[in-house]
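Okay, so here's the structure we're looking at.
The values are calculated or read from the model by the stated rules, or taken from the named source; none is laboratory data. Given the structure is predicted, the values throughout are model-derived calculations rather than measurements. Backbone-built Cβ (ideal geometry, glycine too); neighbour counts: all protein chains shown. For accessibility, only protein heavy atoms count, side chains too; no ligands or nucleic acids. Shrake-Rupley method; radii C 1.70, N 1.55, O 1.52, S 1.80 Å.
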Amino acid sequence: MISDTICAIASGGINQAISIIRISGPNAFKIMEKIFTGKIGKSMEISFGWIHDNNVKIDQVLALWFPGSKNFVGEETVEINAHGGVLNTNLILETILKTKLARLANPGEFSLRAFLNGKIDLVKAQAINDLIHAQVKSQHQAALNQFLGTSSNFIKALIEQIEEIIGIIEVNIDYPEYDDVEVLTAEILLPKIEKLLNDFTELISIANNSRLIYQGIKTCLIGEPNSGKSSLLNILIAENKAIISEIPGTTRDVVEGNFVIDNLLFKVFDTAGIRKTNERIEQIGIEKSFEIMAKADLILHIIDASKKNTEKIKIKNKIRQDQIYIKVYNKADLLENPADLKGEILITAKYKKIENLIDKIKSIFSFLGKQNEFVANSFQISQIELAKKAILEARNTLLSGFGPEIVIVDLRIAWKELKTIFGSVDDENLLDSIFSKFCLGK
């Protein structure tokens, strides 16, 4: 309950120079009066003293005081800056809990309270979580754009368009005699709906690129046995993770790792070599190869360039339009006549010569580096798509001969789906689902 006082370690459970323990709620200052020897501070003051358990000293700390609601959480808050040993930090947390004036915070509960207290909207709350978990600069920038509200402005523009149409329809229905508002017939309303649909389509197209930034670009290495897939994986992730052997069929299970190019995260999967085999375990590995390939954003088809018939297994006919396919010829150093493969991507994984492939990947995904305005996470994309579906229903309703008084139902649904992005919802289960993914103390 929001009336409870909560506490948690806000800096993570690791040994570090300084750790932060946060207390928030109506009993925050009362707890400090019981366990802290220093001055009880005023707004945004810092005071120095000992944390003690029944006069037994635990640690000498700095306490930051945030009375009232002028702080991140929106309620009385104290942050204790202590020495960062794991044991030391947990002893302070235990001392707070011993007072029985506070309970341990649930994951994400401080951010949830900030949202419920009107300090942040749902977009900013999720942006904080994304910022914490960012692994590369592109993810950091995407989360920062969310937090600063840059991305929100695009969604708010759609909401305003819908609100304007709903408002005009409402006036048409309730006050038909009012002369200052446009009379909306089906003929006038349809172009407005079509413009909305175009704006939704454009925004969703841009938003889908955000998934590549937030989740990483799923990259599948596929090809025949001994084509050099495992060698390439080890080079990309700078780790000897995959077993390299001249014996065909060494890779049976999926081996994975991460690498970064131009501040973009790539999640790479090395798969079993594709060939005809009667060996059951290897068959299972090959089945997994095609499963991974089906889920990939980027498919690197590795081919042994030294073989006369360089491509026995046909992969390209299994590639979807939304997947990026690159044919990569490995073992280029063994080519008798390199001109035979002029214009193709040639690498030599054995000697770590993969510059041609890296340059190709950079050129393909360069557009993501320029995407610095609108970004959206999977929850937001889902809501935008639901809103678009409702707008499509509105158009179909109009085309079926129904008037604006019926269309307004679908427009209201679209409006609600978009407003949900900012937290204008009554569904507590939805909020719990979102905030449960957060870190303790955040």
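Within segment 14-42, how many residues are open to solvent by 70 Å² or more (accessible area, probe 1.4 Å), of a type outside the set (Val, Ile, Thr) and in contact (Cβ under 8 Å) with a residue 40 or more places away in the chain?
Looking only at that region, the number is 5.
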So residue 391 ticks every box in (1) buried (at least 19 other Cβ atoms within 10 Å of the Cβ); (2) closer than 21 Å to residue 233 by Cβ; (3) not acidic (Asp, Glu) but one. Which box is left unticked?
(2)
Name every residue in segment 209-220 that is touching a helix residue (DSSP H, G or I) at 6+ places or on another chain (Cβ under 7 Å), open to solvent by 50 Å² or more (accessible area, probe 1.4 Å) and assigned to a helix (DSSP H, G or I), in order of residue number.
211
Scan of segment 22-39 for residues that are in a loop (DSSP other than H, G, I, E, B) and touching a strand residue (DSSP E or B) at 6+ places or on another chain (Cβ under 7 Å), ordered by number
25, 37, 38, 39
Out of the residues in segment 310-329 meeting the condition of being within 35 Å of the chain's Cα centre (by Cα) and of a type in the set (S, T, N, Q), tell me which one is modelled with the lowest pLDDT.
317
Conditions (1) under 30 Å from residue 167 (Cα atoms); (2) assigned to a loop (DSSP other than H, G, I, E, B); (3) out of contact with any helix residue (DSSP H, G or I) (no Cβ under 7 Å at 6 or more places or on another chain); number of the one not met by residue 382
(2)
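Might you let me know whether segment 105-117 holds any residue that is open to solvent by 10 Å² or more (accessible area, probe 1.4 Å) and at pLDDT 95 or above?
Checked against the condition, which is being open to solvent by 10 Å² or more (accessible area, probe 1.4 Å) and at pLDDT 95 or above, segment 105-117 yields no hits at all.
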The one condition in (1) modelled with pLDDT of 85 or more; (2) open to solvent by 50 Å² or more (accessible area, probe 1.4 Å) that residue 136 fails to fulfil
(2)
Can you name every residue in segment 338-368 that is more than 15 Å from residue 259 (Cβ to Cβ), open to solvent by 70 Å² or more (accessible area, probe 1.4 Å) and not in a helix (DSSP H, G or I)?
342, 343, 344, 353
Take residue 371 and decide whether it is polar (S, T, N, Q), at pLDDT 85 or above and assigned to a loop (DSSP other than H, G, I, E, B).
no
Residue count for segment 407-430, restricted to those that are open to solvent by 30 Å² or more (accessible area, probe 1.4 Å) and either in a helix (DSSP H, G or I) or modelled with pLDDT of 90 or more (or both):
10
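Kindly indicate the residue of segment 395-406 that is of a type in the set (A, V, I, L, M, F, W, C) and within 13 Å of residue 191 (Cβ to Cβ) and also least open to solvent (accessible area, probe 1.4 Å) among those meeting that condition.
Taking the candidates together, the pick is 398.
Working carefully through the options 146, 126, find the one that is surrounded by 22 or more Cβ atoms within 10 Å (Cβ to Cβ), in the same structural domain as residue 192 (by the TED database) and under 28 Å from residue 416 (Cβ atoms).
Testing whether each residue is surrounded by 22 or more Cβ atoms within 10 Å (Cβ to Cβ), in the same structural domain as residue 192 (by the TED database) and under 28 Å from residue 416 (Cβ atoms) leaves just 146.
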Just a yes or no: is a residue in segment 358-367 without any contact (Cβ under 8 Å) to a residue 12 or more places away in the chain and more than 17 Å from residue 207 (Cβ to Cβ)?
yes
